[in-house]
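The structure appears below as structure tokens.
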Amino acid sequence: MAVSSFNPLDPSATAAAPGSPSPDSPPAPRQRTCPDGARERVSALIKRLGGVAYGADYNPEQWPREVWREDVALMREAGVNLVSVGIFSWARLEPSPGVFDFEWLDELLDLLHENGISVDLATPTVVPPAWFYRANPQARAVLADGTPVSHGSRGIPCPSSPEYREATARITHALGERYSAHPAVAMWHVHNEYGAPITESFSDYAQADFRSWLQARYGTLEALNTAWGTTFWGQIYGDWEEIIPPLVTGTEPNPALQLDWKRFSSDAQLRCFIHERDILREYSPNLPITTNFMAHNCDTSDLWRWGREVDVSTNDHYLLPEDPSRHIELAMAADLTRSLGDGGPWILLEHSTSGVNWRPRNVAKTPGEMARNSLSHFGRGADGIMFFQWRASCFGAEKFHSAMVPHAGRDSRVFREVCALGSALSGAADAAGSRVRNRVAILWDYESLWAQHLPWRPTVDLGFREQIRAWYERLWRDHVGVDFAHPEFDLSGYDLVLAPSSYLLTDAAAANLRAYVEGGGKLVVGPFCGIVDGNDTVRPGGLNAALADVCGVSVEEFCPLPEGADAGISWTAGVGAGAAARAPIWCDDLRVTTGEVLAEFMDGPVPGGAAVVRNSFGAGTAWHVGCVLAPADLAPLMADVYAEAGIVLPDYPEGVEVLPRLGQDGSEWAVLINHTPKEAEVTPAGWPDPVRLAAGASGIFRRPERA
Ligand code: GLA
């Protein structure tokens, strides 16, 4: 039997319940949780900072001490109140094993404190020093082809290595002991972007660890063999030691094994976070502890599982500079991050003042764009607006990355915009600390994403994010606020739930959605949804058996389209009747049972077949969308859905965002963002007078006192 070097995390929360749920006793919806005391710690942080956190990653070890003094003067000028320090400092803090040099950090923290700037102190465990890898080459991550990754950059330790665990414990204890009571330290920042750049390690340690994780998940080999369908291609396992991760092999490894490997890899990183967090907690019972998520582009961590372990949800967001609707992708990332933290205040731990350095073309932000980006996060509940980085580096791989203090220095457009933003945020201190909740939820499940993107699927053109983004964009353009939710969460508080991309639905999730509609909920289901259970196994009884009766339609066959092709659809009933569209990528061949056809295919693989169907189920309504629609072409569908869900669209100008925030003191605020090149006038719902916004302008406004 394999012996793991760590205790495995309990994987049961991700385990698909074997078999079908009893129809008489559907499982209770999953509750969202956070560590005990997390909310109090975050409220205390906001109070201590006097409102919204504003600042950046600060890497003073790259600069002589005279520059530190200039830095704090400029930070004060910009309104900075929090900086993340020490993220990459392990080699400076522990120059040889067990020998620490804290003198420089002591001086820095004292200087920051004297200047009223708080510190989000990092554990530098993303980059162990060179001496560590020299002594422990086996602690490096190993790629799927068996190659160990070399040190010399960052982010390459194997999360299952006991040597890495021991070394991270030593530096974390040392930092916790020395700095938890330092008056500058306001928060702990564990590691940096877990899973970037190396997500999965295939080392011998990781392989043994995976087997232990599987034993905890399945208990017996018989259960594992059944869950994985190992009778296919004769893969039956007779001993745990026979199981290996999806290393490079002849053709496709077992998809259920691949899915469990992704679950395990996320858990292995999460266990490293919990290990450091628990050490820090011993020293700092009252400080928030978190790490920086990459909710917008990193799909390798199950952030719902991570969300319940951090005190505050966070994001590092980097704009897609060549996307004309990049502000909509940003909005989606912000709504997802807030939802991962159950709607509570969250922190944007990194974004950029202008261009980055790691894209093929690092397009600079236009004047006003940084403020629009920042306020869009703030309007969606962020109580921290932070950047990578404070001062642009002169050397190293990121020397062309933008910063709050660019290479051009204080007398620059970027620094002037940084100061203006700092002043706008400090003026909105009373708006901090609020929770944001919307009436509409979009389902988001990392396990489903992983499963949907495994190779050998009906088409490579149907992407999880792309499909959700199209539906999100429709709501964004309609000025409808959105939360994201896991399909097993309690959805009863939502007037409307959208499932644009829910390929995998566990039995518990399927039962939850069924109960939601039965109880009066409105559910819209996209193509290729509800196809497999938690083991990536198609349920008997039809391709969409999980929701076929709820949607009044059964999927007889998938008909993905050749590259570049599309099929015509025509709306024949419902509020959108008369509209027509071309739908790329996908057609379902549907057999309508109890549903009403709202749109039909005019041509393509199933001419005359149903494309969109609405069905009454229990006290609620469900829609099945059997095609891929662009945001504009979703309008007829959503008109029908809004009408049924009782959602009345506000009359705001196109391209102008109106984001309400409620202060803890009851004050009402609106973040207004004009994304258009024209002046706009908008009256936030319930406000007495309109507000004028110049082209590209944004601002935080307090509702005028009632007369
Ligand atoms: C990430 C990292 C930072 C920095 C930035 C550059 O978000 O966390 O350390 O490398 O990217 O954009």
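Under the rule of at least 5 residues apart or a separate chain, name every residue whose amide H is placed under 5 Å from the amide H of Ala599.
Thr572, Ala611, Val612
With a 10 Å radius around each residue's Cβ, average the other Cβ atoms per peptide and rank 429-442, 553-566, 187-200, highest first.
Output ranking for 429-442, 553-566, 187-200: 187-200, 429-442, 553-566.
Amide H neighbours of Arg140 under 5 Å, at least 5 residues apart or on other chains, H built in the peptide plane: list them.
Correct list: Cys158.
How large is the convex hull of the Cα atoms of the stretch 498-590 per residue, expressed in Å³ as a whole number?
With only Cα atoms used, the stretch 498-590 gives 108 Å³ per residue.
Rank these residues by their accessible area, most exposed first, probe 1.4 Å: Leu49, Leu662.
Leu662, Leu49
So how many Å³ per residue does the convex hull of the Cα atoms of the chain work out to?
Hull volume normalised by residue count: 162 Å³.
Highest mean first, what order results for 244-257, 74-87 on Cβ atoms within 10 Å?
74-87, 244-257
Between Glu61 and Ala28, 0.36 nm times their residue separation minus their Cα-Cα distance comes to what?
Length gained, Glu61 through Ala28: 6.8 nm.
Applying 1/(1 + (r/R0)^6) with R0 = 35 Å to the Cβ-Cβ distance of Glu77 and Asp651, what FRET efficiency is obtained, to the nearest 0.05?
0.30
Rounded to the nearest 0.05, what FRET efficiency is calculated for His173 and Ala429 with R0 set to 41 Å and r the Cβ-Cβ distance?
It comes to 0.70.
Report the full-extension gain for the segment Thr594 to Thr683: residue separation times 0.36 nm, less the Cα-Cα distance, to one decimal in nm.
Extra length available between Thr594 and Thr683 comes to 27.7 nm.
Subtracting the Cα-Cα distance from 0.36 nm times the residue separation, let me have the gained length for Asp110 to Arg439 in nm, one decimal.
The Asp110-Arg439 span can extend by a further 113.8 nm.
Over the stretch 440-645, what is the percentage of antiparallel beta bridges among all DSSP beta bridges, to the nearest 5?
So the antiparallel bridges in the stretch 440-645 amount to around 60 percent.
In nm², what is the average projected area of the convex hull enclosing the Cα atoms of the stretch 656-702?
Orientation-averaged projected area of the Cα hull: 2.9 nm².
How much of the DSSP beta bridge set in the chain is antiparallel, as a percent to the nearest 5?
Rounded to the nearest five, the antiparallel share is 50 percent.
Exactly which GluC sites (Glu not before Pro) in the stretch 288-343 are in a DSSP loop and have at most 11 other Cβ atoms within 10 Å?
Of the GluC sites (Glu not before Pro), the ones in loops of the stretch 288-343 whose Cβ has at most 11 other Cβ atoms within 10 Å are Glu322.
What ³J(HN,Hα) values, in whole Hz, does the Karplus curve 6.51 cos²θ - 1.76 cosθ + 1.60 give for the stretch 438-454 when θ = phi - 60°, with x put for Gly and Pro?
Each residue of the stretch 438-454 in turn: 10, 8, 10, 10, 10, 6, 9, 9, 5, 5, 5, 4, 4, 5, 5, 8, 5 Hz.
Evaluate the distance, in nm, between pseudo-label points positioned 7 Å from the Cα of Glu103 and of Ala397 along their respective Cα→Cβ axes.
Using points 7 Å along Cα→Cβ, the separation is 3.1 nm.
What lysines sit close enough to Lys365 to cross-link, taking a C-alpha to C-alpha distance under 27 Å and skipping anything fewer than 8 places away on the same chain?
Lys399, Lys678
If r is the Cβ-Cβ distance from Ala577 to Asp36 and R0 is 56 Å, what FRET efficiency results, to the nearest 0.05?
That pair, Ala577 with Asp36, gives E of 0.55.
Which one of Ala610, Leu475, Gly493 is farthest out on the positive end of the charge dipole of the stretch 440-645, using unit charges on Cβ (Lys, Arg +1; Asp, Glu -1) and the Cα centre as origin?
Leu475
The values are calculated or read from the model by the stated rules, or taken from the named source; none is laboratory data. Values in this document were obtained by computation on a predicted structure and should not be read as measured data. Every residue, glycine among them, receives a Cβ derived from its backbone with ideal geometry; neighbour counts consider all protein chains shown. Remember, those area values only see protein heavy atoms, side chains included, never the ligands or the DNA or RNA. Shrake-Rupley method; radii C 1.70, N 1.55, O 1.52, S 1.80 Å.
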